[in-house]
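Each remark here refers to the structure printed beneath this line.
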């Protein structure tokens, strides 16, 4: 992409009503547009980051046997009544609407009921199981106070996967396999060292623990207690001597930290399959219950977490795995032809490049490059050519170096 063709522009100041660092930076750099509190549009640069995160999540869910689908946003009332979750006293953050004829509908905040209702059409025999299905989709939650930018929204992007198993043992094997895949996701996003599998309350779903994945951060709303040696944590909501004993931890090995929940997985037992009368026949012809698991990752929340966690005083600093482009090529002086030739060469070699070909000064271009946060900055100018080539600098480095085109291609291999 040529930056002169990019309709978005950077800005020096964030909106006065935006207090979160992640949203301030993303708005200033032209990645998102704030529609209202808790609702953000993704502009071209932001869309590329979002899609790169989706790609990583999708690859890891496929690797554990997930099959991708997409459910509807509008949901019928009757299946939620069967599981006793339609009442606002049971689930208080619904958006609900109605058809012209008065029929009430829910606006998707999660999909346990619809997915069970759909999959019940296809599961009959023990031979049809196990199954894992997932989607990456916009969700809607009527948050009383949407805050923290992309960390707590009314409309957001989530990956939700659901597993269906014949036995508790089969469910446990799937559950642990998915948990391991979550660690792989966060490692690929650059968050592996600071993201912990965290014991949390199972809520209405199970008497056992659920598992959150908490990324340690001062911007976090959750309080967690971390065991650095065992790479696990405990949410404050279950931080009791009795629960610590259940998981083999003691208070003296735990450190209190703040965390952002970037994923969670739940054992759902048979709550939804029983309520919607979805079962399977075993090899003796007897009807048996189906055991479910649920696995969520906050995709758009991760954009905010990563933006804020890696930022410095100049702007965003994207990990290579999800950056909107790999190289920010800056053209200065009378180098248009050489910059275009280099731009085309990089593209032919499979490198994604943003070419800053705007009619602007060096200071303005460098400031925008720092704010946008692409991993590698390459400057081609009359001065760099006199010194023997191109100026190459990592976004995270203070200084760059003059290298040749051949050296550039080698470094980007």
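The values are calculated or read from the model by the stated rules, or taken from the named source; none is laboratory data. Everything numeric here is computed off the predicted structure, so don't read it as measured data. Because the Cβ atoms are built from the backbone with ideal geometry, glycine has one as well, and the counts that use them run over all protein chains shown.
When residue 192 is tested against (1) within 25 Å of residue 58 (Cβ to Cβ); (2) touching a residue at least 40 places away in the same chain (Cβ under 8 Å); (3) touching a helix residue (DSSP H, G or I) at 6+ places or on another chain (Cβ under 6 Å), only condition (2) is not met.
Sort out which residues of region 138-155 are touching a strand residue (DSSP E or B) at 6+ places or on another chain (Cβ under 7 Å) and not in a loop (DSSP other than H, G, I, E, B), and write them in order of number. If you could, list the steps in order and put the result at the bottom.
Looking only at region 138-155, we keep the residues that are touching a strand residue (DSSP E or B) at 6+ places or on another chain (Cβ under 7 Å), and these are 138-140, 142-143, 146, 150-151, 153-155.
Hits for region 138-155 are 138, 139, 140, 150, 151, 155.
Among the residues of region 73-92, which ones are surrounded by 13 or more Cβ atoms within 10 Å (Cβ to Cβ) and either in contact (Cβ under 8 Å) with a residue 24 or more places away in the chain or at positive phi (or both)? Those that are surrounded by 13 or more Cβ atoms within 10 Å (Cβ to Cβ) and either in contact (Cβ under 8 Å) with a residue 24 or more places away in the chain or at positive phi (or both): 73, 75, 76, 77, 79, 80, 82, 83, 85. Residue 78 - would you say it is more than 29 Å from residue 179 (Cβ to Cβ) and assigned by TED's automatic domain parsing to the domain that holds residue 179? So residue 78 fits the description; yes.
For region 222-239, residues that are crowded, with 16+ Cβ neighbours inside 10 Å and part of a helix (DSSP H, G or I) total 1. In region 389-398, the qualifying residues are those that are closer than 20 Å to residue 311 by Cβ and not in a strand (DSSP E or B), and the one that is modelled with the highest pLDDT is 395. The set of residues from region 240-266 being crowded, with 18+ Cβ neighbours inside 10 Å and either at pLDDT 95 or above or assigned to a helix (DSSP H, G or I) (or both) comprises 244, 249, 254, 257, 259, 260, 261, 262, 263, 264, 265. In region 344-367, the condition of being without any contact (Cβ under 8 Å) to a residue 60 or more places away in the chain and in the same structural domain as residue 64 (by TED's automatic domain parsing) is met by no residue.
Please specify each residue of region 156-200 satisfying the condition of being crowded, with 20+ Cβ neighbours inside 10 Å and either assigned to a loop (DSSP other than H, G, I, E, B) or outside the structural domain of residue 93 (by TED's automatic domain parsing) (or both). 189, 191, listed by residue number. Considering the conditions (1) in contact with a helix residue (DSSP H, G or I) (Cβ under 8 Å, 6 or more places away or on another chain); (2) touching a residue at least 12 places away in the same chain (Cβ under 8 Å); (3) part of a loop (DSSP other than H, G, I, E, B), residue 122 is excluded by exactly one of them, (2).
When you scan region 117-140, do you find a residue that is within 30 Å of residue 16 (Cβ to Cβ) and either surrounded by fewer than 18 Cβ atoms within 10 Å (Cβ to Cβ) or not assigned by TED's automatic domain parsing to the domain that holds residue 226 (or both), even just one? Write out each step before concluding.
We begin by selecting, within region 117-140, every residue within 30 Å of residue 16 (Cβ to Cβ); these are 138-140.
Within this subset, residues satisfying the condition of being either surrounded by fewer than 18 Cβ atoms within 10 Å (Cβ to Cβ) or not assigned by TED's automatic domain parsing to the domain that holds residue 226 (or both) are 138.
Yes.
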